[in-house]
1. Quick one: what are the phi-derived ³J(HN,Hα) couplings along segment 3-19, Karplus 6.51/-1.76/1.60 with θ = phi - 60°, whole Hz, x for glycine and proline?
2. If I take R0 = 35 Å and measure r between the Cβ atoms of residue 82 and residue 41 in this structure, what FRET efficiency does the formula 1/(1 + (r/R0)^6) give, to the nearest 0.05?
3. What is the extension gain from residue 59 to residue 11, computed as 0.36 nm multiplied by their sequence separation minus the C-alpha to C-alpha distance, in nm to one decimal?
4. Near the amide H of residue 10, under 5 Å away, which other amide H atoms are found, from residues 5 or more places off or on another chain, if H is placed in the peptide plane?
5. Based on DSSP H runs of at least 4 residues, each adding -39500 (n - 2.57), what is the mean residue ellipticity at 222 nm of the chain after dividing by all its residues, to the nearest 500 deg cm²/dmol?
6. Kindly provide the chymotrypsin sites (Phe, Trp or Tyr not before Pro) of segment 19-91 that DSSP labels as loop, not H, G, I, E or B, and whose Cβ sees at most 15 other Cβ atoms within 10 Å.
7. Give me the percent relative contact order of the chain, please, defined on Cα pairs under 8 angstrom at least 6 residues apart.
8. Evaluate the charge dipole of the chain about its Cα centre and quote only its size in Debye, nearest 20, assuming +1 on the Cβ of each Lys and Arg and -1 on the Cβ of each Asp and Glu.
Amino acid sequence: MSIVFGIDVSSRDSSVCVLQSGATREYKITNDTIGFKTLLIDLKEYAERPQIILEATGVYSRRITRFLDEYDYDYVLLNPLKAKKEINQGL
């Protein structure tokens, strides 16, 4: 069973969506140590390492990627313009 964390990063906070077995759970975290620790606690709840996908938002995403690197979590950074273009081509 695959667990996916989708993270939408903005300047002050991030929206986290957890997808597991077709069910979703959503919450927000602040882009600081307190918020990242909340995310870490959630990530550690799963025996299997979750897949983490987040949008490359320049300076805003650097803090969370540095945090994930520090705790040795792999993640995929999506270029928002490229992702939108690919979605539009599929329509």
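Each value in this text was obtained by applying a stated rule to the coordinates, not by laboratory testing. Since this is a predicted model, take the numbers as computed values, not measurements. Counting neighbours? That spans all protein chains shown, and the Cβs are built from the backbone with ideal geometry, glycine included.
1. My calculation for segment 3-19 gives 10, 10, 9, x, 10, 9, 8, 10, 5, 9, 9, 10, 9, 10, 10, 9, 10 Hz in order.
2. Numbers: r = 32 Å, r/R0 = 0.91.
After rounding to 0.05, the efficiency reads 0.65.
3. 16.4 nm
4. Residues meeting the criterion, in which the H sits 1.01 Å from N, are 15.
5. Working: 3 runs with 34 residues, N = 91.
Helix-only estimate at 222 nm: -11500 deg cm²/dmol.
6. Working: sites: 27, 36, 46, 60, 67, 71, 73, 75; in loops: 46, 71, 73, 75.
Passing sites in segment 19-91 are 46, 71.
7. Numbers: 126 pairs, mean separation 24.0, N = 91.
Computed value for the chain: 26 percent relative contact order.
8. Values: 12 positive and 13 negative charges, 57 e Å.
So the magnitude is around 280 debye.
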